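S.K.: Take this structure, written in structure tokens, and hold onto it; I'll ask about it next.
The values are calculated or read from the model by the stated rules, or taken from the named source; none is laboratory data. Small disclaimer: the values here were computed from a predicted structure and weren't measured. Here the Cβ is made from the backbone with ideal geometry for all residues, glycine too, and neighbour counts use every protein chain on show. To get the accessible areas, we keep the full protein, side chains included, count just its heavy atoms, and leave off ligands, DNA and RNA. Shrake-Rupley method; radii C 1.70, N 1.55, O 1.52, S 1.80 Å.
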Amino acid sequence: MLLTPVLPFPFISVPGNFPHLESPSFFLIRSSSSPSMDTNPQPKKVAVCGGGVIGVCTAYFLSKNGASVTLIEQSSVACAASGKAGGFLGLDWCDGGPIASLARASFNLHRSLAQELNGSESYGYRPLTTLSVSVTESSSSSSYSSSSNRTGPIPSWVDGPAKSPRTIGSTDSTAQVHPEMFTKTLLSKAMEDYGVELVIGKAERVEMAEGKTIGVVLEDGREIGAEAVVLALGPWSKRFSVLGSLFRVYGIKAHSIVLEPKEANRITPHALFLTYYPAQGGKPMDPEVYPRPTGEVYICGMSAQAEVPDDPEQITPVPESINALKRVAASVSSHLVEGEAAVKAEQACILPCSEDDVPIIGEVPGIKGCYVATGHSCWGILNGPATGAAMAELVLDGHASIVDLRRFDPRRFASALKK
């Protein structure tokens, strides 16, 4: 299951003071004499395009704060990176960088959402101890050791040739969710308690009247009236010419496997960030291992920049990358070797990255009532709640208080275009 993108809208020029909007655009401009799709200003009607974690979090906080929200998704909710990510959460892992405040606010929101939604039961929220460990690949079963032969904080199930253990996150500063379950739980709550409507369909164009957004038209002719539209489309944001001409969002293809050990009760809640040395030598790799309370173990890595296909269903894993992750699993633990653990999934997804490696969150320059939220890279699950909460404040109040969004404003790219 992979996210099907909302395809580019028809090429129609948009007048204005922003050079990037003079190129073909997906907007349809209605004259002032045309009937508006939405004449009732209360509650504010908002259409959110994109059913991944960013779009769902935005829909959740908008609706919780009184907006009438329609979530538009062509395929199924959380079927792309939001369903294939690791779900690791770090409080201070982004400190010192441009997203530090966003990450800290979002980590704390995850904690409060888990209390509100019974996250430990409904989507596998739990605090973790996080370790940095060095592992050298070995194909010999004799490389597995008993717990009496290990030192430091290495848990007993990590019985491969692990060295140099170091605690890099405590249960106060690191945690996890199952990303697909989290996203779907949040949407269910929003639909049941706050009236969010989920529409399955392909958005064809955003409509405007007198310079303001008035709704979204679907390919089948349905019209979704809205005073604001939020485009939360991950790596497919560039398919929209009004966005693609303003900034570049590129994709990082990340691979992962999901294993189900026979003795799942032996696997403790320790996330592992590895420095992994392949047997054949060469540059070390940096895979990650996340045991889940479901009894599964998620292992990811083997990431590289890749083209974003028009059809997300075309995203398939590279067999060599999947085999490398299986070797990592076998080197880490005898509980994760073939025969001791079933392979539940072999998968790949595309992570959205901006050209300056900073998320893009804010109103599209020159397009009143049209907003964008994308470019979260590998921190999309962590930063989903704060992004959604900030976007809800921006749409409903005109500014965000939970996080200062100035660093993420898409106008930074418009300014660069004018130079």
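S.K.: Counting only DSSP beta bridges with both residues in the chain, tell me the antiparallel percent, nearest 5.
M.R.: Taking every DSSP beta bridge within the chain, about 65 percent pair in antiparallel fashion.
S.K.: Using label points projected 7 Å from each Cα along Cα→Cβ, tell me how many nm separate SER377 and ARG222, to one decimal.
M.R.: Each label point lies 7 Å from its Cα, and together they span 3.7 nm.
S.K.: Starting at the first residue of the range 308-313, write each ³J(HN,Hα) from the Karplus equation 6.51 cos²θ - 1.76 cosθ + 1.60 with θ = phi - 60°, in whole Hz, x for Gly and Pro.
M.R.: 8, x, 4, 10, x, 5
S.K.: What dipole magnitude, in Debye to the nearest 20, does the chain give about its Cα centre under +1 on Lys/Arg Cβ and -1 on Asp/Glu Cβ?
M.R.: The dipole magnitude comes to about 680 debye.
S.K.: Along the positive direction of the dipole of the chain (beta-carbon charges: Lys, Arg +1; Asp, Glu -1; about the Cα centre), which of PRO161, MET191, LEU325 reaches farthest?
M.R.: Value: PRO161.
S.K.: How tilted is helix 380-397 with respect to the longest principal axis of the chain? Cα atoms for both, answer in degrees (0 to 90, nearest 10).
M.R.: Helix 380-397 sits at roughly 20 degrees to that axis.
S.K.: If R₀ is 35 angstrom, what is the calculated FRET efficiency for the pair ASP356 and SER76, using the beta carbon separation as r and rounding to 0.05?
M.R.: 0.65
S.K.: Can you give the accessible area of ARG266, probe radius 1.4 Å, in Å² rounded to 10?
M.R.: Ignoring ligands and nucleic acids, ARG266 comes out at about 110 Å².
S.K.: Would you pull out the residues with amide H under 5 Å of LEU405's amide H, same chain only if 5 or more places away, H placed 1.01 Å from N?
M.R.: Under 5 Å from the amide H of LEU405: ALA400.
S.K.: If you plug each phi of the range 267-279 into the Karplus form 6.51 cos²θ - 1.76 cosθ + 1.60 with θ = phi - 60°, what whole-Hz ³J(HN,Hα) values come out, in order, with x for Gly and Pro?
M.R.: Working through the residues one at a time gives 8, 8, x, 10, 7, 10, 9, 9, 9, 10, 9, x, 4 Hz.
S.K.: Excluding ligands, DNA and RNA, what is the solvent-accessible area per residue of the range 293-412 at a probe of 1.4 Å, expressed in Å²?
M.R.: That works out to 39 Å² for each residue.
S.K.: Contour minus end-to-end for ASP409 and ASP172, with contour as 0.36 nm per residue of separation and end-to-end as the Cα-Cα distance?
M.R.: 82.2 nm
S.K.: Also, quick follow-up: Distance in nm between label sites at THR136 and ASP95, each 7 Å beyond Cα in the beta-carbon direction?
M.R.: Each label point is offset 7 Å from its Cα along the Cβ direction, giving 3.4 nm.
S.K.: How much accessible surface area, in Å² rounded to 10, belongs to the heavy atoms of ASP409 with a 1.4 Å probe?
M.R.: Rounded to the nearest 10, the figure is 30 Å².
S.K.: Give me the mean projected area, in nm² to one decimal, of the convex hull enclosing the Cα positions of the chain.
M.R.: The orientation-averaged projected area of the Cα hull of the chain comes to 20.5 nm².
S.K.: Dipole magnitude of the range 256-409 about its Cα centre, charges +1 at Lys/Arg Cβ and -1 at Asp/Glu Cβ only, in debye to the nearest 20?
M.R.: With only Lys, Arg, Asp and Glu charged at Cβ, the dipole is about 520 debye.
S.K.: Over the chain, what percent of the accessible surface lies on carbon and sulfur atoms, probe 1.4 Å?
M.R.: The C+S portion of the solvent-accessible surface of the chain is 49 percent.
S.K.: OK, next. Out of ALA203, LEU231, VAL249, whose Cα points farthest toward the positive end of the dipole of the range 130-253 (charges: +1 Lys, Arg; -1 Asp, Glu; placed on Cβ)?
M.R.: Value: VAL249.
S.K.: What residue among GLY96, GLY124, GLY66 shows peak mean-square fluctuation when the chain is described by a Gaussian network model with Cα springs under 10 Å?
M.R.: Largest GNM mean-square fluctuation: GLY96.
S.K.: Residue by residue through the range 56-64, what is 3J(HN,Hα) from phi via Karplus (6.51 cos²θ - 1.76 cosθ + 1.60, θ = phi - 60°)? Round to whole Hz and write x for glycine and proline.
M.R.: Those phi angles translate into 5, 4, 5, 4, 4, 6, 4, 5, 5 Hz.
S.K.: State the antiparallel share, in %, of DSSP beta bridges confined to the range 272-368, rounding to the nearest 5.
M.R.: Bridges in the range 272-368 are about 90 percent antiparallel.
S.K.: At 222 nm, what helix-only mean residue ellipticity would the chain give, in deg cm²/dmol to the nearest 500, using -39500 (n - 2.57) for each DSSP H run of four or more?
M.R.: Estimated from H runs of four or more residues: -7000 deg cm²/dmol.
S.K.: Rounded to the nearest 0.05, what FRET efficiency do ASN108 and THR294 have when you use their Cβ-Cβ distance and R0 = 22 Å?
M.R.: After rounding, the FRET efficiency stands at 0.35.
S.K.: Can you work out the FRET efficiency for the pair ALA304 and VAL343, with r the C-beta to C-beta distance and R0 = 30 Å, to the nearest 0.05?
M.R.: Values: r = 22 Å, r/R0 = 0.74.
Once the sixth-power term is evaluated, E becomes 0.85.
S.K.: If you find the alpha carbon centre of the range 60-88 and of the range 216-249, how far apart are they in angstrom?
M.R.: So the two Cα centres are separated by 15 Å.
S.K.: Exceeding 31 Å between C-alpha atoms, which entries from my cross-link table qualify? They are LYS184/LYS238; LYS238/LYS368; LYS202/LYS262; LYS238/LYS283; LYS189/LYS262.
M.R.: On the way: LYS184/LYS238 25 Å; LYS238/LYS368 19 Å; LYS202/LYS262 42 Å; LYS238/LYS283 33 Å; LYS189/LYS262 34 Å.
Flagged as over cut-off: LYS202/LYS262; LYS238/LYS283; LYS189/LYS262.
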